[in-house]
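The values are calculated or read from the model by the stated rules, or taken from the named source; none is laboratory data. Here the structure is a predicted model, which means the values were calculated and not measured. Using ideal geometry, Cβ is built from the backbone for each residue, glycine included, and neighbour counts are taken over all protein chains shown. Calculation scope for accessible area: heavy atoms of the full protein, side chains included, ligands and nucleic acids excluded. Shrake-Rupley method; radii C 1.70, N 1.55, O 1.52, S 1.80 Å.
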Amino acid sequence: MGEGLLATPFLERLNLWFLGAWGVLALYWLARVAFAARRRQRPAVSWWSIPGLLLLLLAPLLEVPALFGLGAALLLLAEWWPRAFVPVRRRPAWAWGLGPSLLGGAALLAQPATFLSLCGGAALALWGLAWLLAGLLWRPVRPPAVWLPPSSFGKVESPTFGTAVRWQPRQQPDPPELSVTLGPGWLLLHNESGQALHLRGWTPANRNAFLALDRALPSRAEYRLRRDPAQSGVRVWYTPAGSREVRVLHADWQEPAPERTLN
């Protein structure tokens with residue numbers, strides 16, 4: 001068989017339809033590698049597709065039909081195996097695929113074409129292109145969307161808000177460290193303590209809500225909050241500077257009844 005292969009131009013054993021079908025299978029596998037890279041995955045068992053494609057190519061070259069069946073079996077295993085692609089935490093080094101891609105392309109373009117240059121070049125080109133796609137198209141993990149505004153104090157991570165602060169054990173200091181001044185459509189918080197206070201969140205007294213804040217209120221400073229027309233109180237959660245102790249302000253008021261004018 002080897003002497004006959006060397007004596008006969010082996011490329012004549014490949015027809016255009018076969019090469020077209022083989023190219024479609026190769027492009028399909030490379031497309032799978034590209035889509036997997038977008039999901040931060042790299043080939044694992046799917047690497048079996050390369051020897052499978054080579055066996056499909058060798059079947060007409062060596063005139064051994066059994067190689068076609070073995071190649072098709074490897075392609076099916078690489079397609080349907082549960083761990084055909086595995087997730088990776090870091091981007092694959094795409095530079096490792098650059099060398100095999102160039103060597104494979106040079107081998108395929110070598111003149112005159114030989115049996116070794118055709119098979120070896122196809123294998124190197126497929127392996128290098130797959131590794132390049134896995135590295136270049138790998139999508140990094142995006143940080144989760146933060147529903148809070150960025151902190152103005154240079155924190156790496158957002159402070160804890162929501163139920164984690166609202167339902168923590170809290171104290172109601174006496175006398176209050178915050179005082180409230182009412183205005184038309186707003187209310188003003190005054191820091192009456194001798195230290196800075198970190199406002200964490202607040203809610204109107206007539207609502208079951210928690211409106212997050214990330215605001216440092218220095219001593220004797222003021223901070224304005226919006227006020228609903230029917231609001232009859234406010235709850236403000238805060239922590240003293242340098243402490244994680246949660247404190248709360250309970251302030252309630254009663255709107256004066258409108259004066260009636262008798263005509």
* Structure fact -> Heavy-atom accessible area of segment 16-137 with neighbours in place, 1.4 angstrom probe: carbon+sulfur share in percent works out to 76 percent
* Counting Lys and Arg as +1 and Asp and Glu as -1, each charge on the Cβ, what is the dipole of segment 16-137 about the Cα centre in debye, to the nearest 20? -> 820 debye
* Candidate residues 63, 245: accessible-area rank, largest first, probe 1.4 Å -> 63, 245
* Enter the accessible area of residue 249 (Å², nearest 10), with the probe set to 1.4 Å and all protein chains included. => 10 Å²
* Using the heavy atoms of the protein chains and a 1.4 angstrom probe, tell me the accessible area per residue for segment 163-237 in square angstrom. => 53 Å²
* In square angstrom, rounded to the nearest 10, how much accessible surface does residue 179 have for a 1.4 Å probe? -> 40 Å²
* **Derived scalar couplings ³J(HN,Hα) [segment 221-233; Karplus, 6.51 cos²θ - 1.76 cosθ + 1.60; whole Hz; x for Gly, Pro]** => 8, 10, 9, 9, 10, 6, 10, 6, x, 8, 6, 10, x
* Just name one of 25, 41, 67: the one whose Cα is farthest towards the positive end of the charge dipole of segment 18-123 (beta-carbon charges, Lys/Arg +1, Asp/Glu -1). => 41
* Structure fact -> The set of residues whose placed amide H lies less than 5 Å from the amide H of residue 227, leaving out same-chain residues fewer than 5 positions away, is 186, 187
* Which ³J(HN,Hα) values in Hz, rounded to whole numbers, follow from the phi angles of segment 180-196 under the Karplus curve 6.51 cos²θ - 1.76 cosθ + 1.60, where θ = phi - 60° and Gly and Pro get x? -> 10, 10, 8, x, x, x, 8, 9, 10, 8, 10, 7, 8, 7, x, 9, 6
* **Å² of accessible area per residue within segment 16-137, as computed with a 1.4 Å probe and no ligands counted** => 57 Å²
* List, in order, the whole-Hz ³J(HN,Hα) value for each residue of segment 61-75 obtained from phi through the Karplus relation with A = 6.51, B = -1.76, C = 1.60 and θ = phi - 60°; use x for Gly and Pro. => 5, 8, 6, 10, x, 4, 5, 5, x, 5, x, 5, 5, 5, 5
* For residue 200, list long-range residues whose amide hydrogen, built 1.01 Å from N in the peptide plane, is under 5 Å from its own amide hydrogen. => 237, 238, 239
* To do: Could you tell me what percent of the accessible area of segment 178-262 is made up of carbon and sulfur, with a 1.4 Å probe and every protein chain present?
  => 48 percent
* Structure fact -> Taking the alpha-carbon centre of each part, the distance from segment 45-102 to segment 219-252 in Å is 65 Å
* Structure fact -> Ranking 238, 28 from most to least accessible area with a 1.4 Å probe gives 28, 238
* Structure fact -> Amide H neighbours of residue 42 at under 5 Å, excluding residues fewer than 5 places away on the same chain, with H built from the backbone geometry, are 86, 88
* Be a star and scan segment 220-239 for residues whose amide nitrogen sits under 15 Å from the point 7 Å along the Cα-to-Cβ vector of residue 179. => 220-223
